[in-house]
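Colleague: Here it is, the structure in full.
The values are calculated or read from the model by the stated rules, or taken from the named source; none is laboratory data. Just so we're clear, the structure is a prediction, and the values are computed from it rather than from any experiment. Counting neighbours? That spans all protein chains shown, and the Cβs are built from the backbone with ideal geometry, glycine included. Accessible surface areas use protein heavy atoms only, side chains included; no ligands, DNA or RNA. Shrake-Rupley method; radii C 1.70, N 1.55, O 1.52, S 1.80 Å.
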Amino acid sequence: MAQPKDFGFGSEEQMVRDQARKLLREKAGIERLRVLAAKDHHAAYEGPEPPCAWDEALWDEMVALGWTALWVPESAGGVGMKTVAVTAVAEEIGRAAAPSPLPATLQATAVLRCAPEESAKPWLEQIAGGTAATLAVAGRSASWEPGETDVTVAEDGTLSGTACFVQDARKAGLFVVTARDASGGVGLYAVPAGTNGVTVVPDRIVDLTRDQAHVTFAKVTPAGTIAAPGAGAKALADAEASILVLVAADLSGAAEWALQTTAEYARVRTQFEHPIGFFQAVKHPIVNMMLAVDRARSVLWTAACALDTDPASALRVARMAKSAAADAAAFCADRSVQLHGGIGFTWECDVHIWFKRLRHGQFLWGDGLVQRQKIAAALAA
């Protein structure tokens, strides 16, 4: 199917992106980010508990602007906008490295959109109303494959086990959990944060802009069954393309920040009476950063558009988008630190904040190698 002009990115989508960029520039700039997430090294990495940095007032503004409702169908109280609009917001979040639960909430929304409509509707309504949500779908094996879960559901409907790598778990008000029953079928369940038997244990990770945790369920009674055993894995598989696009968008935005910041540094930092960007040893890596970012963004928007217009090819292109974005993330993070010279790896240089976000996102839902292996396997099948 031929792609629409500008990937279907019309005036409404442009308005959403401009609004996101303006709000994040005004309310989530580098000074605010430093106060929230990088105030001092001891608090970040050596305190008794990993920090959970976020601006709840900013979250309220995001909710008021309808960002949590963008992808929620109108039948569940949302706006039901195109994927390209949601992708634009995710890209701006990554560009600002905003410590917000919005990426995790959008991923949970993607899964709920693929679940049976009637059972998912109450939870989509909550998200549209401003409840932050996250996915609890990975086990200790670190596999993101649909159906790979260490949580089980008993005959009485209670959940037991541990979900790992849960993103922004301490900011979420709702967990979307996969659990396996005695027959091996995987279902989806809604568990509000604070439910009896739920324990959130934060992981100590290097990314200062996110929190991650493993969540233990001890005979927890879920508030609702979103998809019955057997249907949960399918909903998760159907949502995978959307999730990959969201993660790729975050990476593309953050990688572009690294590119622009490094290019600006090369213009103002002088050596031997020339800006360091004058020298080919600096100029060429920056050009390669630009090529990596442009390639990642090109595939990203193709994938986002495919989700709106050509679902049959969406998963394949989404894997290409995540692959390109993960590779650009690794390359730009590395070169940004190197080209900032001696200050590049210091706490005082802002580059380390984006470096850590890029490296964290690189591996979420599989890095470039994993995605390419899956594309090859699909082509060979």
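Colleague: Give the number of residues within the stretch 10-48 that are farther than 18 Å from Ile93 by Cβ and in contact with a Lys or Arg (Cβ under 9 Å, 6 or more places away or on another chain).
Modeller: The number of residues fulfilling the criteria is 3.
Colleague: Within the stretch 284-332, how many residues turn out to be closer than 22 Å to Cys114 by Cβ, open to solvent by 60 Å² or more (accessible area, probe 1.4 Å) and not charged (D, E, K, R)?
Modeller: 4
Colleague: Still on this structure, please answer the following. With Gly130, Gly139 as the choices, which residue is in contact with a Ser or Thr (Cβ under 9 Å, 6 or more places away or on another chain) and farther than 28 Å from Gly230 by Cβ?
Modeller: Gly130
Colleague: Hey, another quick one. Taking the stretch 259-302, which residues are assigned to a helix (DSSP H, G or I) and of a type in the set (S, T, N, Q)?
Modeller: Matches in the stretch 259-302: Gln260, Thr261, Thr262, Gln280, Asn288, Ser298, Thr302.
Colleague: Could you list, in sequence order, all residues of the stretch 178-231 that are assigned to a loop (DSSP other than H, G, I, E, B), β-branched (Val, Ile, Thr) and in contact with a helix residue (DSSP H, G or I) (Cβ under 8 Å, 6 or more places away or on another chain)?
Modeller: Within the stretch 178-231, Ile205, Val206, Thr209 qualify.
Colleague: Output the number of the condition that Gly147 fails; it satisfies all remaining conditions of (1) surrounded by 20 or more Cβ atoms within 10 Å (Cβ to Cβ); (2) touching a residue at least 60 places away in the same chain (Cβ under 8 Å).
Modeller: (1)
Colleague: Can you name the condition, by its number, that Thr209 falls short on among (1) buried (at least 19 other Cβ atoms within 10 Å of the Cβ); (2) among the β-branched types (Val, Ile, Thr); (3) over 27 Å from Phe175 (Cα atoms)?
Modeller: (3)
Colleague: Got a number for residues in the stretch 179-236 being within 30 Å of Arg34 (Cα to Cα) and over 21 Å from the mean Cα position of the chain (by Cα)?
Modeller: Final tally of qualifying residues: 2.
Colleague: Here's another thing I want to ask about it. Select from the stretch 1-28 the residues that are open to solvent by less than 50 Å² (accessible area, probe 1.4 Å), touching a residue at least 60 places away in the same chain (Cβ under 8 Å) and over 20 Å from Gly80 (Cα atoms) and list them in ascending order.
Modeller: Leu24, Ala28, listed by residue number.
Colleague: Read through the list (1) in contact with a Phe, Trp or Tyr (Cβ under 9 Å, 6 or more places away or on another chain); (2) closer than 24 Å to Ile30 by Cα; (3) modelled with pLDDT of 95 or more; (4) open to solvent by 50 Å² or more (accessible area, probe 1.4 Å), then give the number of the only condition that His41 fails.
Modeller: Of everything listed in (1) in contact with a Phe, Trp or Tyr (Cβ under 9 Å, 6 or more places away or on another chain); (2) closer than 24 Å to Ile30 by Cα; (3) modelled with pLDDT of 95 or more; (4) open to solvent by 50 Å² or more (accessible area, probe 1.4 Å), His41 misses just condition (3).
Colleague: Among the residues of the stretch 59-107, how many are more than 21 Å from Ala258 (Cα to Cα) and hydroxyl-bearing (Ser, Thr, Tyr)?
Modeller: Final tally of qualifying residues: 4.
Colleague: Can you pull out every residue in the stretch 333-372 that is more than 20 Å from the chain's Cα centre (by Cα), buried (at least 16 other Cβ atoms within 10 Å of the Cβ) and outside any loop (DSSP other than H, G, I, E, B)?
Modeller: Asp334, Arg335, Ser336, Val337, Leu339
Colleague: Evaluate the following for Glu49: is it open to solvent by 40 Å² or more (accessible area, probe 1.4 Å) and within 23 Å of Ser298 (Cβ to Cβ)?
Modeller: In short, no.
Colleague: If we keep just the residues of the stretch 158-177 that are among the polar types (S, T, N, Q), open to solvent by less than 30 Å² (accessible area, probe 1.4 Å) and outside any loop (DSSP other than H, G, I, E, B), which is nearest to Trp123 (Cα to Cα)?
Modeller: Filtering first and then ranking leaves Gln167.
Colleague: Quick check on my filter: what residues within the stretch 32-78 are in a loop (DSSP other than H, G, I, E, B) and under 19 Å from Ala239 (Cα atoms)?
Modeller: Those that are in a loop (DSSP other than H, G, I, E, B) and under 19 Å from Ala239 (Cα atoms): Leu70, Trp71, Val72, Pro73, Gly78.
Colleague: Would you be able to tell me the number of residues in the stretch 239-260 that are surrounded by fewer than 18 Cβ atoms within 10 Å (Cβ to Cβ) and in contact (Cβ under 8 Å) with a residue 24 or more places away in the chain?
Modeller: 0
Colleague: For the stretch 69-86, what are the residues that are in contact with a Leu (Cβ under 7 Å, 6 or more places away or on another chain) and either open to solvent by less than 10 Å² (accessible area, probe 1.4 Å) or among the aliphatic types (A, V, I, L, M) (or both)?
Modeller: Scanning the stretch 69-86 gives Trp71, Val72, Ala76, Val79, Met81, Thr83, Ala85, Val86.
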